[in-house]
Structure formats: structure tokens, C-alpha cells
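Structure, as C-alpha cells:
The values are calculated or read from the model by the stated rules, or taken from the named source; none is laboratory data. From a predicted model like this one, the values you see are computed outputs, not experimental measurements. A quick note on method: Cβ atoms are made from the backbone with ideal geometry, for glycine too, and the neighbour counts reach across all protein chains shown. Surface accessibility is based on the protein's heavy atoms, side chains included, excluding ligands, DNA and RNA. Shrake-Rupley method; radii C 1.70, N 1.55, O 1.52, S 1.80 Å.
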Amino acid sequence: MTKQVAVLIGSASKTSFNHLAVKHLQKIAPSSLQLNIVEIGDLPVYDRDLDEQDVPAYTRVREAVKSADAVIWVTPEHNGSYSAMIKNAIDVVSRPAGQSLWIGKPLGLVSVNAGGSNRAVDALRTVAAGTYINMPVAPFAASIGGIFAGAFDASGELVSEQAKGTLQGFINAYAEFVAKF
């Protein structure tokens, strides 16, 4: 059975390298995984006062996560951590209090940034362990660097052999991790 994976990308840039990396992951993912991008760029900033209102963007993202078998958070590194956009989506889906839709969903972490740093994914591991999130996190992550030094070509294709190997290793291991749930 193919597992449905909600992929949330913490960048809305038209030239997002994180989006390009996800497109590559979609191409190379094993048939046991279907990677579905969940648009989060239009989410209003989380405000608990909105929980009592019908906010279509909140509902759409919450329903996408609810119906998914697993989740991947993909983020650039902003000032040594994950993006505000991914944090906002995490908050939206973990609320209203006591109604988090993250709990128990197997999580994979990917960061595409200039230096290949793990800081963003390490910070997300901490968030995923929180009371209102409580997700089992794959013990490995993919951190891709060199984005301004030729990891992607002018047409947006991943050309770095190292990055390709990292993403292939990640998605194969993530598929094995998700199969346990």
C-alpha cells in the first residue's frame, strides 16, 4: 500500500531551492510513498482567536495533514534555524489546544540551505518532540548545501552528485521508517 506523505515546505519563493529539492524527491521516491505538497504560503499567522472562525487555509492544511499517513517538513535555514513559514504551519496544525493533528505521524526532515548546515533540522527535532506535536522523527535528515554554488542548474534540476546521493539515501531510509507505522 502506498503511504500518503504530506510535504510542507517552509519557503514560498518563486525560486525556492527547497521546492526544487522536493520535486527531485518526488521523482526518486520509492513507489511505497506518494509525496503530496501541502501549500502553506497562504496561511494567516496563527492566532487562537481564529480557531473559532472558519479560516479556509487553516482547514485545508489541517485536513491535508489529518489524511496523511506521514509528514515531511522541508525548510531553508533562516538565521540559524527553520523558517517562520514552517513554524506557523506547525502551530496551525497543532491547534486548537488538545486537537493536534501531528501526534503519532512519522516525520522526515529536510533542509536546503547555503552551507548544508543541520541547525534547522536539529531545531525541528526539538519542536517535533513537544507535547502538542509528539511525532516519531526519522533518526536521519537530509541537509543539502551549495545551493548558490551550482547544486542546481539553470533549469532547476539537481546536478550535484553529493546532493543527489543525500536525497536518495534520505528518501529510501524514510520509506523504510514510514513502513514501520
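Being open to solvent by 10 Å² or more (accessible area, probe 1.4 Å) and more than 19 Å from residue 92 (Cα to Cα), is that true of even one residue in region 125-135?
no
Conditions tested, residue by residue: (1) open to solvent by 60 Å² or more (accessible area, probe 1.4 Å); (2) farther than 26 Å from residue 167 by Cβ; (3) not β-branched (Val, Ile, Thr).
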| residue | (1), (2), (3) |
| --- | --- |
| 34 | yes, no, yes |
| 42 | yes, yes, yes |
| 54 | yes, yes, yes |
| 68 | no, no, yes |
| 77 | no, no, yes |
| 81 | no, no, yes |
| 92 | no, yes, no |
| 100 | no, yes, yes |
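So, in region 131-151, how many residues would count as being within 18 Å of residue 116 (Cα to Cα) and modelled with pLDDT of 85 or more? Lay out the reasoning, then the answer.
Narrowing region 131-151 to residues within 18 Å of residue 116 (Cα to Cα): 139-151.
With modelled with pLDDT of 85 or more added as a condition, the list becomes 139-144.
The number of residues fulfilling the criteria is 6.
Identify all residues within region 157-172 that are assigned to a helix (DSSP H, G or I) and either charged (D, E, K, R) or open to solvent by less than 30 Å² (accessible area, probe 1.4 Å) (or both); write none if there are none.
Residues of region 157-172 that are assigned to a helix (DSSP H, G or I), as a first pass: 161-172.
Result: 161, 163, 164, 167, 170, 171.
Among the residues of region 7-55, count how many are without any contact (Cβ under 8 Å) to a residue 40 or more places away in the chain and either polar (S, T, N, Q) or in contact with a Cys (Cβ under 6 Å, 6 or more places away or on another chain) (or both).
Summing the residues that are without any contact (Cβ under 8 Å) to a residue 40 or more places away in the chain and either polar (S, T, N, Q) or in contact with a Cys (Cβ under 6 Å, 6 or more places away or on another chain) (or both) in region 7-55 gives 7.
Where the second residue is among the hydroxyl-bearing types (Ser, Thr, Tyr) and open to solvent by less than 40 Å² (accessible area, probe 1.4 Å) and the first is without any contact (Cβ under 8 Å) to a residue 24 or more places away in the chain and lies in region 132-154, which pairs have Cβ atoms under 6 Å and are six or more apart or on separate chains?
Qualifying pairs under 6 Å: none.
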